Each structure stands twice: as C-alpha cells, then as structure tokens.
1. If we keep just the residues of region 74-91 that are assigned to a strand (DSSP E or B), closer than 16 Å to residue 118 by Cα and of a type in the set (A, V, I, L, M), which is nearest to the chain's Cα centre (by Cα)?
2. Taking the condition over 10 Å from the mean Cα position of the chain (by Cα), closer than 19 Å to residue 38 by Cα, open to solvent by 20 Å² or more (accessible area, probe 1.4 Å) and in contact (Cβ under 8 Å) with a residue 12 or more places away in the chain, does residue 70 pass?
3. Restricted to region 32-67, and to residues that are open to solvent by 40 Å² or more (accessible area, probe 1.4 Å) and not in a strand (DSSP E or B), which residue is modelled with the highest pLDDT?
4. What number of residues within region 84-128 are touching a residue at least 12 places away in the same chain (Cβ under 8 Å), over 18 Å from residue 31 (Cα atoms) and open to solvent by 30 Å² or more (accessible area, probe 1.4 Å)?
5. Given 122, 99, 112, which one is among the acidic types (Asp, Glu) and touching a Lys or Arg at 6+ places or on another chain (Cβ under 9 Å)?
Amino acid sequence: HVRSRRQRQMCIRDSIYTLNDVSTKNNALGITQGPKNDFVIVGQYPDFRIDTQDGQQDKGSEVMVYRTDQIGVPLEEYEINYGLIGGNDRAVVAKTLPDGKILIGATIDFGDTFMSLIKLNDTGQLDN
C-alpha cells in the first residue's frame, strides 16, 4: 500500500510480501539491490521436490534466487533454483556487480560441501 503525504513524499505501509505460495518452504539468507533499484533475494528451499512420472522426488535442499520490483513485489519470471539431487545446497550472500550482473556465494553439496560462486546476468540466467 502506498500513500502520498502533503510534502509529496511516498510512504510504504503494510508492505510485507510472501515470495511463494505457502506450500513451498524457503529461507532467505541474503539480499542485494539490483541495477534497476529492484532486489535479488537468495537463500534456500530446505525441502525441494520435483514432479516425476512416479510422483514427487525429494531433491534435498536447493539454492533459491528471487527478484522483486522496487517495492518488494516478487517477479514471477525470476524465480530460480540450483542444486544437486539429494544435496544440502544454499545461497548465503549476493552482490550486484558494476555491470549489473549478480554474484552469489553459495554452498553446494557434492557429497562434501564446497564454497561456490554463481554469476547471473540481468535475466537470471547463468553467466560466464
């Protein structure tokens, strides 16, 4: 909800947004302001499942990446997950680079847990 004051300042109130439906748990662990004054929130889906022909398969924990607009409303086209089947994967920090790309610090479980960097372009795709 946005309201205007007499001094023409914008004030946001009652603006708590959920980033997903309530059937999917998630943990937000880091945030960065994007190049368009939007926000990228990173964290973990602790109980990530995928649909298969035989029902649902438990993938363990997955890296979670969300982007919101300037006031925090989630952008549905920018909801991304990364990780390995059965791993304990999570993003813990995010940084916007000068070129507008997003660098994410994560831990990825390859049997042993390794520090990892994930670099995304402005559309949320993996970047070199």
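1. 80
2. Yes: the conditions hold for residue 70.
3. First, pick out the residues of region 32-67 that are open to solvent by 40 Å² or more (accessible area, probe 1.4 Å): 33, 35-37, 39, 47, 49-54, 56-58.
Filter again for not in a strand (DSSP E or B), leaving 35-37, 53-54.
Numbers: 35: 83, 36: 85, 37: 88, 53: 72, 54: 75.
Filtering region 32-67 for residues that are open to solvent by 40 Å² or more (accessible area, probe 1.4 Å) and not in a strand (DSSP E or B), the one modelled with the highest pLDDT comes out as 37.
4. Number of matching residues: 8.
5. Exactly one of 122, 99, 112 is among the acidic types (Asp, Glu) and touching a Lys or Arg at 6+ places or on another chain (Cβ under 9 Å), namely 122.
The values are calculated or read from the model by the stated rules, or taken from the named source; none is laboratory data. Small disclaimer: the values here were computed from a predicted structure and weren't measured. For neighbour counting, all protein chains shown are included, and Cβ atoms are generated from backbone atoms with ideal geometry for every residue, glycine included. With ligands, DNA and RNA removed, areas are computed over all heavy atoms of the protein, side chains included. Shrake-Rupley method; radii C 1.70, N 1.55, O 1.52, S 1.80 Å.
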